[in-house]
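Step one of this worksheet: look at the structure below.
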Amino acid sequence: MNFIETRGNDGQHPLKVSFSEAILSPMSSFGGIYSPESLPDLGSSFLADHLNSDYKGLARDILAAFAIDIEPAVIEEALALYDHFDDPKNPVPVVRVDDDLYVSELYHGPTRAFKDMALQPFGVVLSALAQQRNEEYLILAATSGDTGPAALETFKNRANVRVACLYPDGGTSDVQRLQMVTEDAANLKVIGIHGDFDDAQGALKQLLGSAVFKAKLKEKQIHLSAANSVNFGRIIFQTIYHIHSYLELVRQGAIALGEKVYLNVPSGNFGNALGGYYAMRMCLPVEKILIASNRNNILTQLIRDGRYDLRQLAVIPTTSPAMDILKSSNIERILFDLFGAARTRELMTQLDNEKHYELSAEELERLQAIFAADFCDDEEGKRYIREAFAKGYLMDPHTATCLKAHATCRSEPLKSIVYSTAEWTKFSPVIANALTGEVGASDSDALKAIAARAGIAIPAMIAGLFSKPITQGTIIDKAQIEQSILDFL
Ligand SMILES: *Cc1c(COP(=O)(O)O)cnc(C)c1O
């Protein structure tokens, strides 16, 4: 399978690239990204044929259908990482919460958030490619809390890849910070910044544009790549669990094979939802994909009104910080798939230059045939956390945003699969506040309070963080980042 450019070709870039090229250098002409030239059609018997497949067996066959240029041995090594999830036989459990509501739990990996679903195998693939080419790569990441730990965990001690990860000091939860600053490997550098997430991301963008920095990397023969969700190497692993979750519903007797479902996705950069969209295009019977947001509700605006308008907006901090995003990068791949490269370039150029665009009535109709959307504020989210807990289900604030869309966006009496993107342990003060009203608890106290109330144990990898030595103590001003990274290299 080949990959082509979402904004068309500028004559400087190749017309098509392979999967491995698309993941090593994810940026394409006119500031666009790579998308599959065509999607594999898995065919009408694929679901029936995989009713008895385990997760890895299903993954193997989906990846084979994409016909990517990665050796089977590397794919096997990548998929073997799912064996380290809580239940090696089923890394993604799907749990019934209500008659029409099933939660697909994507957080059973090493860092307790759904980023592991894609980043765990991605780390193996990227490192293997770098070794085959005998090249050294630097991955730069800026994180608001979940991507950083997952990227560090997957690349730790992997050959030919180094990671420099920027986080806002004081801008993440204690658990998220500890997950990063206790990582101990020579190829990892974690840098706390005085500032917020936008400062960290801005610093990273500046670095990526710095001629001096690039020249220094070239001198050291180090290539730059990215592990953010525009990288198709992450998206491909995010198609699998949508198909797996559907098959789980069939296996549990909740639906008949072929019956349509709603997919309900808490969204920020839209990688998770894009995986659902591709799964639907490839074989999955989906009525609609429901997009859940917090008060940073630009996706709701786009899907309801066809307008993407950043002009009056600033990011609002919420209790679901992984979704505090206004520039949702994977929307570009939806525009490309529905409306083609010329129109995508037109819309994205307008967004870059004028900070807004608007779809035509006909385009909006096509978007709404696939997606519906709603957003949930922090108070509503806490209420949903309480209501779910009363039914015996403990959920994090990101997952809780889906329950609003579940209540407002469905028109058919079909089952919904809600995607749970983080374990309760990563956002425990918010959950403790929702359940007990207590304000300002530390992560450590909130974890204990919730564990006692729910009668469950704190997972060992979270409990152990509080006594692990801190090995990554760098906390600096933005101006010092470039030097700090060069010293590390
Ligand atoms: C990253 C993340 C999201 C958003 O996922 P996208 O693929 O960027 O839309 C939602 N919830 C949590 C907990 C996350 O870490």
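Of the two radii for the stretch 396-489, the radius of gyration is 1.15 times the Kirkwood radius, both from the alpha carbons; that is the Rg over Rh value. Note on the chain: helix-only mean residue ellipticity at 222 nm, from DSSP H runs of 4+ residues weighted -39500 (n - 2.57) and normalised by residue number, equals -13000 deg cm²/dmol.
Find the eigenvalues of the gyration tensor of the Cα atoms of the stretch 108-254, then list the square roots of 5 times those eigenvalues as equivalent ellipsoid semi-axes, largest first, in whole angstrom. Working shown, then result.
Values: eigenvalues 160, 79, 37 Å².
Ellipsoid half-lengths, sorted descending, are 28, 20, 14 Å.
How large is log10 of I(q)/I(0) for the stretch 342-434 at q = 0.14, 0.19 Å⁻¹ when the intensity is taken from the Debye formula with one equal scatterer per alpha-carbon? At q = 0.14, 0.19 Å⁻¹ the computed log10 ratios are -0.70, -0.90.
Do any trypsin sites (Lys or Arg not before Pro) in the stretch 75-141 lie in a DSSP loop with no more than 13 other beta carbon atoms within 10 Å, and if so, which? Each step should come with its number before you reach the end.
On the way: sites: K89, R96, R112, K115, R133; in loops: K89, R112.
Here the trypsin sites (Lys or Arg not before Pro) that fit, given the DSSP loop and packing criteria, are K89.
In this structure, the pairs whose alpha-carbon distance is over 24 Å, taken from K327/K478; K260/K382; K115/K426; K189/K220; K260/K426; K218/K355, are K260/K382; K260/K426; K218/K355.
Which shape class, rounded, prolate or oblate, goes with the stretch 4-128 when its Cα gyration tensor gives a ≥ b ≥ c as root eigenvalues, a/c under 1.5 marks rounded, and past that a/b bigger than b/c marks prolate? In terms of gyration-tensor shape, prolate.
With the contact rule set at Cα under 8 Å and sequence spacing of 6 or more, what percent relative contact order holds for the stretch 1-142? Spell out each step's value before the answer.
Values: 157 pairs, mean separation 25.1, N = 142.
Relative contact order for the stretch 1-142 comes out at 18 percent.
In this structure, the amide hydrogen of L138, modeled 1.01 Å from its nitrogen in the peptide plane, lies closer than 5 angstrom to those of R162, H223, L224, S225, counting only residues at least 5 positions away or on a different chain. Both radii are taken from the alpha-carbon atoms of the stretch 193-271; with Rh as the Kirkwood radius, Rg/Rh is 1.23. Less than 5 angstrom separates the built amide H of A372 from those of I289, L290, I291, all sequence-distant by 5 or more or on a different chain.
The stretch 373-396 and the stretch 227-293 have their alpha-carbon centroids 21 Å apart.
Normalising the average separation of contacting C-alpha pairs (under 8 angstrom, six or more residues apart) by the number of residues puts the relative contact order of the chain at 18 percent.
Given an 8 Å cut-off on Cα distances and at least 6 residues of separation, report the relative contact order of the stretch 150-191 as a percent.
Values: 38 pairs, mean separation 23.4, N = 42.
Value for the stretch 150-191: 56 percent.
Annotation for the stretch 435-450 versus the stretch 122-175: alpha-carbon center distance of 30 Å.
Over all directions, what mean area does the Cα convex hull of the stretch 98-159 project, stated in square nanometres?
5.4 nm²
Size descriptors for the stretch 46-187: radius of gyration and Dmax over Cα atoms are 16.8, 53 Å.
Note on the stretch 182-236: the C-alpha convex hull projects to 5.6 nm² when averaged across all orientations.
The mean accessible area for residues of the stretch 367-489, using a 1.4 Å probe and ignoring ligands and nucleic acids, is 43 Å² per residue.
Which value in Å is the Kirkwood Rh of the chain over different Cα pairs?
On the way: mean 1/r = 0.0437 Å⁻¹.
In the chain this quantity evaluates to 22.9 Å.
Annotation for D86 and N52: the two label points, set 7 Å from Cα along the Cα-Cβ direction, are 2.8 nm apart.
Charges only on Cβ, +1 for Lys and Arg, -1 for Asp and Glu: so what's the dipole of the chain about the Cα centre, in debye to the nearest 20? Numbers along the way, then the final one.
Details: 46 positive and 62 negative charges, 62 e Å.
Once rounded to the nearest 20, the dipole reads 300 debye.
Check each of the trypsin sites (Lys or Arg not before Pro) in the stretch 202-308 and keep only those in coil by DSSP with at most 12 other C-beta atoms within 10 angstrom; list them in order. Please list the in-between numbers first.
Numbers: sites: K205, K214, K216, K218, K220, R234, R251, K260, R281, K288, R295, R304, R307; in loops: K220, K260, R295.
Taking the stretch 202-308 and a limit of 12 other Cβ atoms within 10 Å, the loop trypsin sites (Lys or Arg not before Pro) found are K220.
Seen through its C-alpha gyration tensor, with square-root eigenvalues sorted a ≥ b ≥ c, the stretch 229-371 comes out prolate because a/c lies at 1.5 or above while a/b is bigger than b/c.
With a 1.4 Å probe and all protein chains left in place, how much of the accessible area of the chain comes from carbon and sulfur atoms, in whole percent? Could the numbers behind the result be given before it?
Working: 9000 of 18770 Å².
Percent of accessible area from carbon and sulfur atoms in the chain: 48.
The values are calculated or read from the model by the stated rules, or taken from the named source; none is laboratory data. Everything quoted here is computed from the prediction, not taken from an experiment. Ideal geometry is used to build each Cβ from the backbone, glycine not excepted, and the neighbour counts take in all protein chains shown. In case anyone asks, the SASA skips ligands and DNA or RNA and just uses the protein heavy atoms, side chains included. Shrake-Rupley method; radii C 1.70, N 1.55, O 1.52, S 1.80 Å.
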